[in-house]
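Undergrad: My questions all concern the structure below.
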Amino acid sequence: MATGRTHRPATRSRGIPEATVARLPLYLRALTALSERSVPTVSSEELAAAAGVNSAKLRKDFSYLGSYGTRGVGYDVEYLVYQISRELGLTQDWPVVIVGIGNLGAALANYGGFASRGFRVAALIDADPEMAGKQVAGITVQHSDEMERIISEHGVSIGVITTPPGVAQQVCERLVGAGVTSILNFAPTVLSVPDGVDVRKVDLSIELQILAFHEQRKAGEEAASDGAGPAAAARKQSADKGPDGDVPAVMPA
């Protein structure tokens, strides 16, 4: 297998929009599940539902791949798995380094889904001398002093940063200086990188805050529908009063 340093995915050169690129992994995950169940073909509607998008958007996305399916039959599952894997660069080996082997870094190192998707954890790196030499997920943690040598020896082009935010930029600069051109950043900070370097940010706290916003909005909608809002309470109070104020509108006979 070729390594990640010898070839780059062709998505940009073929003019595939970034939004489409972001959805390709969703399609691939759904298609892989179908393939594992030995499903030979799938309709655009079925695949769109499995991927969580609408079918018109899916067909548009696949048109960028040159895949239009067969009327009345649908899409060939195995061929689409190959097509999308090729576009994402997953038909080759991508060595990855993880920098910062705390709880999150160790959890990522132990994740078994990387290898099946074309990513090989080539090295684990940490600045703590007490971590150096320890085994995590069957890989020996190496000290950050060795970072440049490790990246060069393994031909690494993808780095994962799981360090505290205060040192993330410094780690990023060292990774880039050593030849890394794609970074997955889990540190809660914005990284500054030169042109030609791609950064994907994963901030779990931000995602939780967004979920909290939606939960608050749903709670407000439920309160309004139950008549618990201030406006509803005012309307109820007004309805309970007669034309003379506190006197009921309908007097007993």
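The values are calculated or read from the model by the stated rules, or taken from the named source; none is laboratory data. As the structure is a computational prediction, the values presented were derived from the model and not from experiment. A quick note on method: Cβ atoms are made from the backbone with ideal geometry, for glycine too, and the neighbour counts reach across all protein chains shown. With ligands, DNA and RNA removed, areas are computed over all heavy atoms of the protein, side chains included. Shrake-Rupley method; radii C 1.70, N 1.55, O 1.52, S 1.80 Å.
Undergrad: What is the number of the single condition among (1) at pLDDT 95 or above; (2) assigned to a helix (DSSP H, G or I); (3) open to solvent by less than 40 Å² (accessible area, probe 1.4 Å) that Arg23 does not meet?
TA: Every condition holds for Arg23 apart from (3).
Undergrad: A further question on this structure: Has the stretch 142-149 got any residue that is touching a residue at least 24 places away in the same chain (Cβ under 8 Å), in contact with a strand residue (DSSP E or B) (Cβ under 9 Å, 6 or more places away or on another chain) and not assigned by TED's automatic domain parsing to the domain that holds Leu28?
TA: Step one: list which residues in the stretch 142-149 are touching a residue at least 24 places away in the same chain (Cβ under 8 Å), which gives 144, 147-148.
Narrowing further to those that are in contact with a strand residue (DSSP E or B) (Cβ under 9 Å, 6 or more places away or on another chain): 144, 147.
Now narrow it down to the ones that are not assigned by TED's automatic domain parsing to the domain that holds Leu28: 144, 147.
Yes, the conditions are met somewhere in the stretch 142-149.
Undergrad: Follow-up question, since we're still on this one. Can you spot a residue in the stretch 100-113 that is outside the structural domain of Thr32 (by TED's automatic domain parsing), open to solvent by 30 Å² or more (accessible area, probe 1.4 Å), under 14 Å from Leu28 (Cβ atoms) and free of Cβ contacts under 8 Å to residues at least 24 places away in the same chain?
TA: No, there is no match, as no residue in the stretch 100-113 is outside the structural domain of Thr32 (by TED's automatic domain parsing), open to solvent by 30 Å² or more (accessible area, probe 1.4 Å), under 14 Å from Leu28 (Cβ atoms) and free of Cβ contacts under 8 Å to residues at least 24 places away in the same chain.
Undergrad: Moving on to the next point. If you scan the stretch 40-90, which residues turn out to be of a type in the set (S, T, N, Q) and open to solvent by 70 Å² or more (accessible area, probe 1.4 Å)? Don't jump to the end; show me each part of the working.
TA: Initial filter on the stretch 40-90 (of a type in the set (S, T, N, Q)): 41, 43-44, 54-55, 63, 67, 70, 83, 85.
If the condition is that a residue be of a type in the set (S, T, N, Q) and open to solvent by 70 Å² or more (accessible area, probe 1.4 Å), then Asn54, Thr70 are the ones that fit.
Undergrad: Has the stretch 119-137 got any residue that is out of contact with any helix residue (DSSP H, G or I) (no Cβ under 7 Å at 6 or more places or on another chain), loosely packed, with under 15 Cβ neighbours inside 10 Å and of a type in the set (Phe, Trp, Tyr)?
TA: no
Undergrad: Further question on the same structure: I'd like to verify a number: residues in the stretch 160-171 that are under 23 Å from Leu88 (Cβ atoms) and outside any loop (DSSP other than H, G, I, E, B), how many?
TA: 2
Undergrad: Let me ask another. Need the failing condition index for Pro188 against (1) crowded, with 21+ Cβ neighbours inside 10 Å; (2) touching an Asp or Glu at 6+ places or on another chain (Cβ under 6 Å), just the number.
TA: (1)
Undergrad: Kindly evaluate Val180 against the criterion of being touching a helix residue (DSSP H, G or I) at 6+ places or on another chain (Cβ under 9 Å) and either loosely packed, with under 15 Cβ neighbours inside 10 Å or of a type in the set (A, V, I, L, M, F, W, C) (or both).
TA: Working: touching a helix residue (DSSP H, G or I) at 6+ places or on another chain (Cβ under 9 Å): yes; either loosely packed, with under 15 Cβ neighbours inside 10 Å or of a type in the set (A, V, I, L, M, F, W, C) (or both): yes.
Yes: the conditions hold for Val180.
Undergrad: Among the residues of the stretch 191-209, how many are part of a helix (DSSP H, G or I) and open to solvent by less than 80 Å² (accessible area, probe 1.4 Å)? Spell out how you get there, then give the answer.
TA: Kept after step one, since they are part of a helix (DSSP H, G or I), are these residues of the stretch 191-209: 204-209.
Then drop every residue that is not open to solvent by less than 80 Å² (accessible area, probe 1.4 Å), which leaves 205-206.
Qualifying residue count for the region: 2.
Undergrad: Which residue is nearest to Gly112 (Cα to Cα), if the candidates are limited to the stretch 137-159 and must be assigned to a strand (DSSP E or B), more than 24 Å from the chain's Cα centre (by Cα) and among the hydrophobic types (A, V, I, L, M, F, W, C)?
TA: So, considering only residues that are assigned to a strand (DSSP E or B), more than 24 Å from the chain's Cα centre (by Cα) and among the hydrophobic types (A, V, I, L, M, F, W, C), the one nearest to Gly112 (Cα to Cα) is Ile139.
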